[in-house]
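The values are calculated or read from the model by the stated rules, or taken from the named source; none is laboratory data. Given the structure is predicted, the values throughout are model-derived calculations rather than measurements. Cβ atoms come from the backbone with ideal geometry, glycine included; neighbour counts cover every protein chain shown. Quick note on the areas: whole protein, heavy atoms, side chains included, nothing else; ligands and nucleic acids left out. Shrake-Rupley method; radii C 1.70, N 1.55, O 1.52, S 1.80 Å.
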Amino acid sequence: MASSKTPQETQIPTHIGIIMDGNGRWAQKRGQLRTQGHLEGLKTAREIVRAASDLGIKYLTLYAFSTENWKRAAEEVNFILGLVKQYLIAEFDFFKQYKIKLRHTGDEETLPEDILSEIKTVIAETSNFEGLSVILALNYGGRDEITRAVKRILREGKTESEIDEKLLHSFLDNPDVPDPDLIIRTAGEFRTSNFLIWEAAYAEYVISNTLWPDWTGKDLKDAILEYQQRDRRFGGIKS
Ligand code: IPE
Ligand code: IPE
Ligand code: MG
């Protein structure tokens, strides 16, 4: 049974992306406001960042707010963005202690100024750390990231003969970050919802039925165990 095992240290994924879904349903099940679900979800994010760091994972991308999430009520949007800011302030000492490096992916231009400035502060203060890199996907959409990359390519006057996959990749938000090996989605939905559209071309997907506020470090270990049973071929044939 997967749950009693420990992931093999030799096959720990280098980069894990998590679609942290199910906060609203968690709250609704309890007759609470959706915002309460986000508050609980924040506690889970704390726990999972710690667990990922303890497991020796190098990159963890957390999908916190999508370019489509602006469709929600302003109250909920502001609550989520405010929580992210609070998280960055509250966890700063922990980042320093664990040598965690913060990064961001997503559109900076349409983020509220105070949140962007907090993100930039923490990025600057943790830029020399060599522990886990936490990549905050905030105001992120995979299509938006590719669209912004194409705009920058045009701005730099690149010609058709210069454009290939390597060049396009180099214009993405974090070109030095390796592609995700494993994408986890909580709360049971089988879709990408615009997460890492370019980067996840050969990622393994693990869907967990558990709602994000109920997720634990043990669920992370179980997802890694499931990943370790996959046969990654990248279009080739196993010898
Ligand atoms: C995920 O939880 C958090 C964000 C999208 C910001 P949801 O708020 O989508 O929760 P559900 O899917 O409605 O349960
Ligand atoms: C994906 O969840 C976005 C985040 C987790 C931030 P959504 O709840 O927005 O996705 P859909 O609407 O179910 O596809
Ligand atoms: Mg959702």
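Quick notes on this one:
- Of Lys5/Lys96; Lys5/Lys221; Lys120/Lys151, pairs whose Cα-Cα distance is over 19 Å: Lys5/Lys96; Lys120/Lys151
- J(HN,Hα) series, the stretch 72-85, from Karplus relation 6.51 cos²θ - 1.76 cosθ + 1.60, nearest Hz, glycine and proline x: 6, 4, 3, 4, 5, 4, 5, 5, 4, 5, x, 5, 4, 4
- For the chain, DSSP calls about 0 percent of its internal beta bridges antiparallel.
- Virtual paramagnetic centre 7 Å along Cα→Cβ of Asn174, amide N under 11 Å, in the stretch 73-110: 101-106
- Å² of accessible area per residue within the chain, as computed with a 1.4 Å probe and no ligands counted: 52
- The stretch 18-225: relative contact order as a whole-number percent, Cα under 8 Å and 6+ apart: 29
- Amide H contacts under 5 Å for Asn139: Phe65, Ser66, restricted to partners 5 or more places along the chain or on a different chain, H placed in the peptide plane at 1.01 Å from N.
- A crude spin-label estimate for the pair Glu189 and Ala124, with each label 7 Å from Cα along the Cβ direction, gives 3.6 nm.
- Residues with amide H under 5 Å from that of Arg103, placed H, sequence gap 5 or more: Val134, Ile135, Leu136
- In the stretch 60-135, Cα pairs under 8 Å separated by at least six residues give a relative contact order of 44 percent.
- Dividing the helix sum by the residues of the chain, where each DSSP H run of 4 or more adds -39500 (n - 2.57), gives a mean residue ellipticity at 222 nm of -13000 deg cm²/dmol.
- Largest mean-square fluctuation among Trp212, Trp26, Trp70, in a Gaussian network model of the chain whose springs join Cα atoms under 10 Å apart, belongs to Trp70.
- Size of charge dipole - the chain - debye, nearest 20, with Cβ of Lys, Arg +1 and Asp, Glu -1, no other charges: 560
- Residues with amide H under 5 Å from that of Tyr205, placed H, sequence gap 5 or more: Ile183
- Among Glu204, Glu109, Glu145, the residue with the largest mean-square fluctuation in a Gaussian network model of the chain, with springs joining Cα atoms closer than 10 Å, is Glu109.
- Most positive-pole-ward Cα, Asn23, Pro178, Val77, against dipole of the stretch 18-225 from beta carbon charges: Asn23
- With each label modelled as a point 7 angstrom along the Cα→C-beta vector, the Ser117-Gln11 pair spans 4.9 nm.
- Residues His15, His169, sorted by accessible area with the largest first, give His169, His15 [1.4 Å probe; ligands and nucleic acids excluded].
- Protein heavy-atom surface of the chain, 1.4 angstrom probe: 49% of the accessible area is carbon and sulfur, with nucleic acids and ligands not counted.
- Choice from Ser133, Ser208, Ser117 showing the highest fluctuation, given a GNM over the chain with Cα pairs closer than 10 Å: Ser117
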